[in-house]
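Scroll down for the structure; my scribbles are underneath it.
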């Protein structure tokens, strides 16, 4: 792990779904209102609960998700909310496939983008296991949350964490945040909320979901792709939040794929050669 | 592991598909040339000479199409040389060993002169046209075994890299198996053989034609095996439907990629079944059909990722 | 209460409030309470983002809160869960009421004293119903002394000894039975009044499952005692009903019974919505009150002269005994040197109201063609209640001036998009661009009575100017016009002080050099000594002899003279070293007291009720002994008045109260469980169904508030009560992403894209009945009109079982209009002109509607 990495802890139990983080991000980074009709092919209203943003994109670097879990008889009801963004993975798929060096690891452990280097090949878009980074049609380059690199360089934290009224988003040293997160999970478990677990690091917690369609399912902390510098406290399975339960790095396929290609080439070469030579017609007869 | 539906698509569509089809023709033709050179004789010369003219124009087309697809086309050199904007990188060569695209960019750059050499040598033999200095050098190189072997390896690399590239992503179908590199080599070779068939059908003799038919049959068998293993794996992982059942991709895949490119040669160009393409000039049609089938395969592969996300 | 105090609550009930969505920043304080183990409960017709943060969500049909809260009172009384010592000493539980009093239990939903002809209780008169049978039983009043004769009009106060006038109106002391057994005690009347508000009745009328209701009752009673307190948090979900005032009062009664008011973490947190809405009622944009809540001169009341006004309005036995000083200081502020004792300080120059001139009746007059012109500053009536009625009424205006940032729906009321035919509208419209908050100096007074000053940071663009500049420039022009007039009606403008020109250094770095000085105005509102011009530090210094001037006595102390320096206490100093009360974070009127009635946080002897809830206490170790508060809070009591002080039957003002009476603004110093005066619709909150309801009243034969304000005018047809055509209960509300009618938010791209389209929330059961899928276009209708919206099908709303009948609850956020980036139909096309009798507030929170699949217009 990057020494003294900076990141964020997203405690979804404190999220009120106010979207101040989305607006703060837009304002700090001067991002335009997404033209949904042009980019996504549907009108602005999505109506997925209170989510009209739909997905992270080149101009939506933060996206608050809403998941309603209410039984028909209304006796079991909860509304999960989660502010999603780039996770600044310790092993980042986007970083590994970038052919120009536009994506790079900063001194803070985050993944930033050199906008003057990116050629817009979109390889990173296909490589991210979380569907975060996106191609910007207007600029021809890719964009995502860059953990407010310019703010970090002046000693500040992220704009979104600053705007969060309930401190659901907190910014700091990842090592410190991990301790806070572990304590928070223990506190919630002690209050009977055994649903809580950490997505991004294995801090040793395990519990059981108490509400919703996955009630009774065991959950435990999970480290993914080497650890997430922006990590989450969740109350249900990752899929419920639109997160992969076993995100993989594209790299997993490189050597095996190259190996199969090599073998295929050899087989094709041998069979092809053999096939070509097995001509019944004699050379002289053909002429 | 099956990729999830909350992914974003890199939207590698028509331009990429055509670019890699062109690269497949260039590298496939070059590879088959090598195969026919080592396994054939003087009777195959007329076909071989004309095949040499094919790789270079397609190898010019590929980077043009790829560059046109970029969001920032004028910055294409950043693929090869470290941009000053990436100050933390040691310069000046830009090479990311973890990125198949980086590998492929360099492979194509290095392979290009090999296609030029083949072109110039063929130009002299077919047209009699010579270019001072370049033609004699090309002819000399084309006679050098090491040059030819290296060129062959590069050709195989160019054939394979784009398959490895889409394998090294998180997109549905593309990254679900390890087989894309092998499949892309197989279909590149198919397109190379198709080119050989077209040329053999025009200027080749019956013996060359027979040889080409045999290679087509053999490669189609290998491709069929690869396809079957691939489809079985996708079925097990649940992403089979993106290829098989989607309207976007399904019909083109089954009819074009499976039917025309692979089954057609197996059934009609082999030792059993129908013996359709007995006359030499009929190979032109077979070659053209197989080329179309390879194009269908390219289309189905590239658009399957989007079909997966939209399912 | 103030928001930071909520961190000390052991329970919080959010009801009539969606605090997490509508006060998201303030919501951090209940979250801190939750982190410390408090129980958060949300009672609401919808499961909202607030419900998501609470430990318990309790569903309730819109408009039935009095049944729920009355049910809590019933639970408290029948299970003896009241805080006995607090209740007996600090409330009027023990006070005896007139034996002729008849309760709604006796009269099928009416109290004694109802006149069906006038549709009113008590003796004729607006605002304050004095019904004899509701009054306290009292002992003999003190002996009267002869009064000086009434002076001539225009000089009714000169030479008059005001304290004598006031003393002559001292009442006898209220009679009590501290054992609470006498059937005429407020306590016994209360028990009877709420005897049928049982948990079963709550389930029948509110649709709330009995077990959930009982959970709430158990939580709040278990956690309200010497060492635990809790709070109700409410907003317009409680105010916007034809029984709104009574509704809020029910909660105040609960907190008085449970002994929470005036204590840390306890009481009622009233959440107001705009950044300076509190300021707009303090400095009064309300027709019926002058700044600082003095009564407006009213031709229907005994207000003919200043003396009469003082006699009528001064309450001899509460803090309002100082009314003479306040009104006279106010007149001095307005008219300066022109106001003297000889001319009753200009009292007669001021016009008197003669009716209800609030928003709705004014627009009814406008519809009748009686209003010629209107100036709108930051107001958008084109999207207001029964909006089609209001837009149509505006077409009768000869002229309209709109000051705003954007071309609002009201500025564009005459356009096709507003449903008008421009060729037929003769109104002359001026649209003046307004400066934004960061583009002007000023103060705002927010929901916890705290003034907060802000400095101008940038010039407004182009020709945009502040509202202050507009009114100042207009006033100066009017003054110039009337300078030579001798007509009586021109005297107030002719004589008013209007001298807020900026000093050169105030405007040195800004474009406009004629921007009036907001600080000069604040100083005048604060008050100053007329002779020296020195600002006054406390309202205790205000006098009734014309030697002081103060625009609003409640604000006195905002600007202070400290060691010869003028200090603006409304400036915010970061509170990190300030303690949790943060007394230097702005200025909370009155006198920087944040939690009112905090004397009640000590027991009758002045000791804290517990160590855990120690707040204000009587410090016997100090010499002389004095009331103390270690948290930096302002003490809401006479500092040196000992707890054991006896009530003084001839004492004026708070001297009339004993040292055990924390509620200074009440005539008996006690919290009123029973309200003998002040409310037009009864001394006790009573459940009446909303004016439009899908069901009849299960408690009384009288279905609805018999004193509600209604308007039988064209364009305001009411849905049939409990009718079949409009069978669904609809409520309207707000989202975090937008503000009010969207005039500030639907023009901002970053907010417009968060909630771009109007939607209606409905339960899946209803959606299935109507063939409606999530995202479909649907049309909601009432007798007044229609609103098209997208359907948001969600289980967060539900069908209620009301008295055996299924009643669906639907709801719409009302932020949309036809101007802006994100546009949509105006939800108030649906609502009707109907109002609470006390304050004329509308009933946007509960009425009926129909819904159908499909667009409104093809």
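The values are calculated or read from the model by the stated rules, or taken from the named source; none is laboratory data. All values derive from a computational prediction rather than experimental measurement. Neighbour counts run over all protein chains shown; Cβ positions are idealised from the backbone, glycine included.
In contact with a strand residue (DSSP E or B) (Cβ under 8 Å, 6 or more places away or on another chain), without any contact (Cβ under 8 Å) to a residue 60 or more places away in the chain and either at the interface with another protein chain (Cβ under 8 Å from one of its Cβ atoms) or part of a loop (DSSP other than H, G, I, E, B) (or both), is that true of residue A:135?
Values: in contact with a strand residue (DSSP E or B) (Cβ under 8 Å, 6 or more places away or on another chain): yes; without any contact (Cβ under 8 Å) to a residue 60 or more places away in the chain: no; either at the interface with another protein chain (Cβ under 8 Å from one of its Cβ atoms) or part of a loop (DSSP other than H, G, I, E, B) (or both): yes.
Here the answer is no, as residue A:135 does not meet what is asked.
A quick yes/no check of all residues on (1) over 18 Å from residue C:493 (Cβ atoms); (2) touching a helix residue (DSSP H, G or I) at 6+ places or on another chain (Cβ under 7 Å); (3) modelled with pLDDT under 95:
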residue: C:324; (1), (2), (3): yes, yes, no
residue: C:331; (1), (2), (3): no, yes, no
residue: C:354; (1), (2), (3): yes, no, yes
residue: C:364; (1), (2), (3): yes, no, no
residue: C:367; (1), (2), (3): yes, yes, no
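So which helices (runs of 4 or more DSSP H) are wholly in the stretch C:484-531 and hold at least 2 residues that are in contact with a strand residue (DSSP E or B) (Cβ under 6 Å, 6 or more places away or on another chain)? Please lay out each step first, then the result.
On the way: elements: C:491-495, C:504-507, C:518-526.
The qualifying helices (runs of 4 or more DSSP H) are C:518-526.
Within the stretch A:95-112, can you find the residues that are crowded, with 24+ Cβ neighbours inside 10 Å and more than 10 Å from chain B (Cβ to nearest Cβ)?
Listed by number, the residues that qualify are A:110, A:111.
Is the stretch B:218-234 home to any residue that is in a helix (DSSP H, G or I), within 8 Å of chain A (Cβ to nearest Cβ), closer than 25 Å to residue A:270 by Cα and free of Cβ contacts under 8 Å to residues at least 12 places away in the same chain?
Of the stretch B:218-234, the ones in a helix (DSSP H, G or I) are B:218-234.
Remaining after also requiring within 8 Å of chain A (Cβ to nearest Cβ): B:218-219, B:221-222, B:226.
Narrowing further to those that are closer than 25 Å to residue A:270 by Cα: B:218-219, B:221-222, B:226.
Subsequent filtering for residues that are free of Cβ contacts under 8 Å to residues at least 12 places away in the same chain retains B:218.
Looking through the stretch B:218-234, at least one residue is in a helix (DSSP H, G or I), within 8 Å of chain A (Cβ to nearest Cβ), closer than 25 Å to residue A:270 by Cα and free of Cβ contacts under 8 Å to residues at least 12 places away in the same chain.
Quick one: how many residues across the stretch B:196-208 are more than 9 Å from chain A (Cβ to nearest Cβ), within 17 Å of residue B:37 (Cβ to Cβ), surrounded by 23 or more Cβ atoms within 10 Å (Cβ to Cβ) and over 18 Å from the mean Cα position of the chain (by Cα)?
Of the residues in the stretch B:196-208, 2 are more than 9 Å from chain A (Cβ to nearest Cβ), within 17 Å of residue B:37 (Cβ to Cβ), surrounded by 23 or more Cβ atoms within 10 Å (Cβ to Cβ) and over 18 Å from the mean Cα position of the chain (by Cα).
Given the residues A:241, A:197, which is the only one that is within 14 Å of chain B (Cβ to nearest Cβ), in contact with a strand residue (DSSP E or B) (Cβ under 6 Å, 6 or more places away or on another chain) and surrounded by 16 or more Cβ atoms within 10 Å (Cβ to Cβ)? It would help to see each step written out before you state the result.
Details: A:197 fails: within 14 Å of chain B (Cβ to nearest Cβ).
None of the other options fit; the residue is A:241.
Tell me which residues, restricted to the stretch B:164-181, are at the interface with chain A (Cβ under 7 Å from one of its Cβ atoms) and in a loop (DSSP other than H, G, I, E, B).
The initial filter retains those residues of the stretch B:164-181 that are at the interface with chain A (Cβ under 7 Å from one of its Cβ atoms), namely B:164, B:167-171, B:175, B:178-181.
Within the stretch B:164-181, B:168, B:169, B:170, B:171, B:175, B:178, B:179 meet the criteria.
Among the residues of the stretch C:591-612 satisfying the criterion of being in contact with a helix residue (DSSP H, G or I) (Cβ under 8 Å, 6 or more places away or on another chain) and crowded, with 21+ Cβ neighbours inside 10 Å, which is nearest to residue C:537 (Cα to Cα)?
Pass one, the stretch C:591-612, residues in contact with a helix residue (DSSP H, G or I) (Cβ under 8 Å, 6 or more places away or on another chain): C:591, C:594-595, C:600, C:603-604, C:608-609.
When the remaining residues are screened for being crowded, with 21+ Cβ neighbours inside 10 Å, the result is C:594-595, C:600, C:609.
Working: C:594: 17, C:595: 20, C:600: 26, C:609: 32 Å.
So, considering only residues that are in contact with a helix residue (DSSP H, G or I) (Cβ under 8 Å, 6 or more places away or on another chain) and crowded, with 21+ Cβ neighbours inside 10 Å, the one nearest to residue C:537 (Cα to Cα) is C:594.
Does any residue of the stretch B:182-193 turn out to be within 22 Å of residue B:123 (Cβ to Cβ), in contact (Cβ under 8 Å) with a residue 12 or more places away in the chain, more than 8 Å from chain A (Cβ to nearest Cβ) and surrounded by fewer than 24 Cβ atoms within 10 Å (Cβ to Cβ)?
No: the stretch B:182-193 contains no residue that is within 22 Å of residue B:123 (Cβ to Cβ), in contact (Cβ under 8 Å) with a residue 12 or more places away in the chain, more than 8 Å from chain A (Cβ to nearest Cβ) and surrounded by fewer than 24 Cβ atoms within 10 Å (Cβ to Cβ).
From C:745, C:645, C:650, which residue is in contact with a helix residue (DSSP H, G or I) (Cβ under 6 Å, 6 or more places away or on another chain), surrounded by fewer than 24 Cβ atoms within 10 Å (Cβ to Cβ) and at negative phi?
Details: C:645 fails: in contact with a helix residue (DSSP H, G or I) (Cβ under 6 Å, 6 or more places away or on another chain); C:650 fails: in contact with a helix residue (DSSP H, G or I) (Cβ under 6 Å, 6 or more places away or on another chain).
Sole residue among the options that is in contact with a helix residue (DSSP H, G or I) (Cβ under 6 Å, 6 or more places away or on another chain), surrounded by fewer than 24 Cβ atoms within 10 Å (Cβ to Cβ) and at negative phi: C:745.
Please work out if residue B:161 is within 14 Å of another protein chain (Cβ to nearest Cβ), crowded, with 24+ Cβ neighbours inside 10 Å and over 30 Å from residue A:280 (Cα atoms). Talk me through it step by step, then tell me what you get.
On the way: within 14 Å of another protein chain (Cβ to nearest Cβ): yes; crowded, with 24+ Cβ neighbours inside 10 Å: yes; over 30 Å from residue A:280 (Cα atoms): yes.
Yes: the conditions hold for residue B:161.
Are there helices (runs of 4 or more DSSP H) fully within the stretch B:1-107 with at least 2 residues that are free of Cβ contacts under 8 Å to residues at least 60 places away in the same chain and surrounded by fewer than 18 Cβ atoms within 10 Å (Cβ to Cβ)? List them. Write out each step before concluding.
Numbers: elements: B:14-39, B:45-51, B:55-69.
Hits in the stretch B:1-107: B:14-39, B:55-69.
Against the condition within 23 Å of residue C:739 (Cβ to Cβ) and outside any strand (DSSP E or B), how does residue C:811 come out, does it pass?
Details: within 23 Å of residue C:739 (Cβ to Cβ): yes; outside any strand (DSSP E or B): no.
It is false that residue C:811 is within 23 Å of residue C:739 (Cβ to Cβ) and outside any strand (DSSP E or B).
Residues of the stretch A:28-50 being at pLDDT 95 or above and either surrounded by 18 or more Cβ atoms within 10 Å (Cβ to Cβ) or at the interface with another protein chain (Cβ under 7 Å from one of its Cβ atoms) (or both), which ones?
A:49, A:50 - these are the residues of the stretch A:28-50 that are at pLDDT 95 or above and either surrounded by 18 or more Cβ atoms within 10 Å (Cβ to Cβ) or at the interface with another protein chain (Cβ under 7 Å from one of its Cβ atoms) (or both).
Here are the criteria: (1) within 20 Å of residue C:741 (Cα to Cα); (2) away from every other protein chain (no Cβ under 14 Å); (3) in a loop (DSSP other than H, G, I, E, B). Tell me which single one residue C:839 does not satisfy.
(1)
Taking the criterion of being within 14 Å of chain B (Cβ to nearest Cβ) and closer than 23 Å to residue B:81 by Cα, would at least one residue in the stretch A:60-82 satisfy it? Even if it seems obvious, please write down each step before you answer.
Step one: of the stretch A:60-82, the residues within 14 Å of chain B (Cβ to nearest Cβ) are A:60-61, A:63, A:65, A:67, A:82.
From the residues that got through so far, the ones that are closer than 23 Å to residue B:81 by Cα too are none.
No, because not a single residue in the stretch A:60-82 is within 14 Å of chain B (Cβ to nearest Cβ) and closer than 23 Å to residue B:81 by Cα.
For the stretch C:299-310, name all the residues that are buried (at least 19 other Cβ atoms within 10 Å of the Cβ) and in contact (Cβ under 8 Å) with a residue 60 or more places away in the chain.
So in the stretch C:299-310, the residues buried (at least 19 other Cβ atoms within 10 Å of the Cβ) come out as C:301, C:303, C:305-307, C:309-310.
Selection gives C:301, C:305, C:306, C:307, C:310.
(1) in a strand (DSSP E or B); (2) within 14 Å of chain B (Cβ to nearest Cβ): which one isn't true of residue A:247, the others all being true?
It is condition (1) that residue A:247 fails.
Out of (1) in a helix (DSSP H, G or I); (2) within 14 Å of another protein chain (Cβ to nearest Cβ); (3) more than 30 Å from residue A:55 (Cβ to Cβ), what's the single condition that is false for residue B:267?
Looking at each condition in turn, residue B:267 falls short on (2).
Based on this model, can you work out whether residue B:128 counts as in a loop (DSSP other than H, G, I, E, B) and surrounded by fewer than 16 Cβ atoms within 10 Å (Cβ to Cβ)? Steps first, answer last, please.
Values: in a loop (DSSP other than H, G, I, E, B): yes; surrounded by fewer than 16 Cβ atoms within 10 Å (Cβ to Cβ): yes.
Spelling it out, residue B:128 is indeed in a loop (DSSP other than H, G, I, E, B) and surrounded by fewer than 16 Cβ atoms within 10 Å (Cβ to Cβ).
Quick one: which residue in C:421, C:404 is touching a strand residue (DSSP E or B) at 6+ places or on another chain (Cβ under 9 Å) and either at pLDDT 95 or above or crowded, with 19+ Cβ neighbours inside 10 Å (or both)? Give the steps one after another, and end with the answer.
Numbers: C:421 fails: touching a strand residue (DSSP E or B) at 6+ places or on another chain (Cβ under 9 Å).
C:404 is the lone residue from the list that is touching a strand residue (DSSP E or B) at 6+ places or on another chain (Cβ under 9 Å) and either at pLDDT 95 or above or crowded, with 19+ Cβ neighbours inside 10 Å (or both).
Considering every residue within the stretch A:251-270, establish whether at least one is closer than 30 Å to residue A:62 by Cα and more than 7 Å from chain B (Cβ to nearest Cβ).
Taking every residue of the stretch A:251-270 in turn, at least one turns out to be closer than 30 Å to residue A:62 by Cα and more than 7 Å from chain B (Cβ to nearest Cβ).
Quick check: anything in the stretch C:787-795 at positive phi and more than 29 Å from the chain's Cα centre (by Cα)? Lay out the reasoning, then the answer.
Of the stretch C:787-795, the ones at positive phi are none.
The answer is no; no qualifying residue exists.
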